[in-house]
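Colleague: Submitted below is the structure of interest, expressed as structure tokens.
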Amino acid sequence: MENVKYTEFITQIEKGKIVSLYHFSGEEDFLKREATEKLIQLLIEPSLKSFNLDFLQARGVKAEEIINLCATLPFGSKKRMVVVYESQKLHPAQKDELLKYLPQVPQTTCLVLFSNTVDNRLKFYQSLKKLAAEVEFSALGPEEASDWIRERVKTYGKKITSEGINFLQEAVGNNLYELSNELEKLSLYVKERELINLKDTEAVVGYTKAENISQLAQAIVGKNLSQALKILKDLSLSKERESSINYKLGDHFLKLYQVKASKDQNIYNLAHALRTNSNFILEYQDQAKNFSLEQLEKGLALLYQADSDLKSGKMPEKFLLELLVYELCHL
């Protein structure tokens, strides 16, 4: 079946073109969440969600459970919906069993399979391409994020200047969760005024958090543990979320790895490949000299594990971040 992007998918379902099987792939979780919520809004009556809406985590789930939920008739509605997160974690035997059933998903059910990672060499994903409507949620580049910001503020009945957008992206980055949060605050800040300008974004967002996280990354790269922990404490006092700190550190280390691994060290080519401003590339190149590729790989593994631990609530978030910073400083 066809492979579409987020915007095309939204256009389709708003026109009533909704199929029984979707495969959501890619790394932009915010858009996946919004797409899922839009489907739910269109298909499921709020008062009947407990009867007609099921969410499953794929790890440890048997295909039989997914199949039984899909085969269940909707209650008081034309459709029911089943959402399976992280389908890449299904056991291979369960993937095979599920594949046998997928061509039979009834018209009364909408099954949505999420995949954070996709290996197109595997039979499971090759088959999904034929059976499911594929929706790709790739991370947005700077220009795409700018367009997203312009469209997002319209939902609050507002407009935003180009200078305001540039400042917002410089301070927050392209993390849609963070951008969405700041845009909501901005819409409340300007009250009845329609246009959000540079002064508004400076007042609401400010440079402090962005500067502090940049300083945190520099302290870690310089293996200055005491300074890194001090900055981390300051960020905590300024109410910066641990998940946001981890995300931004992860983005920083990923760029260091990409710069280190690239055979082409031309700053403009690297800026295009990394979808960032060329002014930052020299800094990344200089910082990457402090690490081997193996050390950066280990650092990324630590950051990805921290992200998982933050979501699962395994340990107090503050302690988890302090431990992460300690380990990164000792790569």
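The values are calculated or read from the model by the stated rules, or taken from the named source; none is laboratory data. Source: prediction; values computed, not measured. Methodologically, a virtual Cβ is constructed for each residue, glycine included, from the backbone with ideal geometry; neighbour enumeration extends over all protein chains shown.
Colleague: I'm trying to understand the selection: among the residues of the stretch 89-114, which are part of a helix (DSSP H, G or I) and either outside the structural domain of Ile44 (by TED's automatic domain parsing) or buried (at least 19 other Cβ atoms within 10 Å of the Cβ) (or both)? Step through it out loud before you land on a result.
Modeller: Restricting attention to the stretch 89-114, the residues satisfying the condition of being part of a helix (DSSP H, G or I) are 89, 92-104.
Across the stretch 89-114, the qualifying residues are Gln94, Lys95, Leu98, Leu102.
Colleague: Within the stretch 39-78, work out how many residues are within 28 Å of the chain's Cα centre (by Cα) and farther than 21 Å from Ser127 by Cβ.
Modeller: Count: 16.
Colleague: Of all residues in the stretch 246-281, count the ones that are over 14 Å from Gln218 (Cβ atoms), at pLDDT 75 or above and in a helix (DSSP H, G or I). Please lay out each step first, then the result.
Modeller: Taking the stretch 246-281 first, the residues over 14 Å from Gln218 (Cβ atoms) are 246-247, 250-251, 254, 257-279, 281.
Among the residues that remain, those that are also at pLDDT 75 or above are: 246-247, 250-251, 254, 257-267, 269-271, 273-274, 281.
Narrowing further to those that are in a helix (DSSP H, G or I): 246-247, 250-251, 254, 257-261, 267, 269-271, 273-274, 281.
Going through the stretch 246-281 one residue at a time, the tally reaches 17.
Colleague: Here are some conditions: (1) in contact (Cβ under 8 Å) with a residue 24 or more places away in the chain; (2) among the basic types (Lys, Arg); (3) surrounded by fewer than 15 Cβ atoms within 10 Å (Cβ to Cβ). Lys255 meets all but one. Which one does it not meet?
Modeller: Among (1) in contact (Cβ under 8 Å) with a residue 24 or more places away in the chain; (2) among the basic types (Lys, Arg); (3) surrounded by fewer than 15 Cβ atoms within 10 Å (Cβ to Cβ), the lone unmet condition for Lys255 is (3).
Colleague: Right, next: Scan Asn246, Asn269 and give me the residue that is in contact (Cβ under 8 Å) with a residue 60 or more places away in the chain and not acidic (Asp, Glu).
Modeller: Details: Asn269 fails: in contact (Cβ under 8 Å) with a residue 60 or more places away in the chain.
After applying the criteria, what remains is Asn246.
Colleague: For the structure I just gave you, tell me whether Gly313 is closer than 25 Å to Glu27 by Cα and either within 19 Å of the chain's Cα centre (by Cα) or among the charged types (D, E, K, R) (or both).
Modeller: Working: closer than 25 Å to Glu27 by Cα: yes; either within 19 Å of the chain's Cα centre (by Cα) or among the charged types (D, E, K, R) (or both): yes.
Considered against the rule, which asks whether it is closer than 25 Å to Glu27 by Cα and either within 19 Å of the chain's Cα centre (by Cα) or among the charged types (D, E, K, R) (or both), Gly313 comes out as yes.
Colleague: Further question on the same structure: Go through the stretch 1-84 and tell me which helices (runs of 4 or more DSSP H), entirely inside it, have 2 or more residues that are hydrophobic (A, V, I, L, M, F, W, C) and touching a strand residue (DSSP E or B) at 6+ places or on another chain (Cβ under 7 Å). Don't jump to the end; show me each part of the working.
Modeller: Details: elements: 6-14, 29-43, 49-52, 63-71.
Counting at least 2 such residues, we get 29-43, 63-71.
Colleague: Can you name every residue in the stretch 192-215 that is assigned to a loop (DSSP other than H, G, I, E, B), at pLDDT 90 or above and not acidic (Asp, Glu)?
Modeller: Narrowing the stretch 192-215 to residues assigned to a loop (DSSP other than H, G, I, E, B): 192-194, 197, 205-207.
Remaining after also requiring at pLDDT 90 or above: 192-194, 197.
The answer is Arg193, Asn197.
Colleague: Quick one: count up the residues across the stretch 66-82 that are closer than 15 Å to Leu42 by Cα and of a type in the set (Val, Ile, Thr).
Modeller: 1
Colleague: Okay, next question. Looking at the stretch 144-165, can you tell me whether even one residue there is free of Cβ contacts under 8 Å to residues at least 24 places away in the same chain and part of a loop (DSSP other than H, G, I, E, B)?
Modeller: Yes, the conditions are met somewhere in the stretch 144-165.
Colleague: Follow-up. Taking the options Ser262, Ser308, Ser236, name whichever one is hydroxyl-bearing (Ser, Thr, Tyr), under 22 Å from Asn174 (Cβ atoms) and either within 24 Å of the chain's Cα centre (by Cα) or not assigned by TED's automatic domain parsing to the domain that holds Asn212 (or both). Spell out how you get there, then give the answer.
Modeller: Values: Ser262 fails: either within 24 Å of the chain's Cα centre (by Cα) or not assigned by TED's automatic domain parsing to the domain that holds Asn212 (or both); Ser236 fails: under 22 Å from Asn174 (Cβ atoms).
Of Ser262, Ser308, Ser236, the one residue that is hydroxyl-bearing (Ser, Thr, Tyr), under 22 Å from Asn174 (Cβ atoms) and either within 24 Å of the chain's Cα centre (by Cα) or not assigned by TED's automatic domain parsing to the domain that holds Asn212 (or both) is Ser308.
Colleague: Determine whether the stretch 223-234 contains at least one residue that is farther than 23 Å from Leu302 by Cα and in a helix (DSSP H, G or I).
Modeller: As a first pass, look at the stretch 223-234 and keep what is farther than 23 Å from Leu302 by Cα: none.
No, the stretch 223-234 has no match at all.
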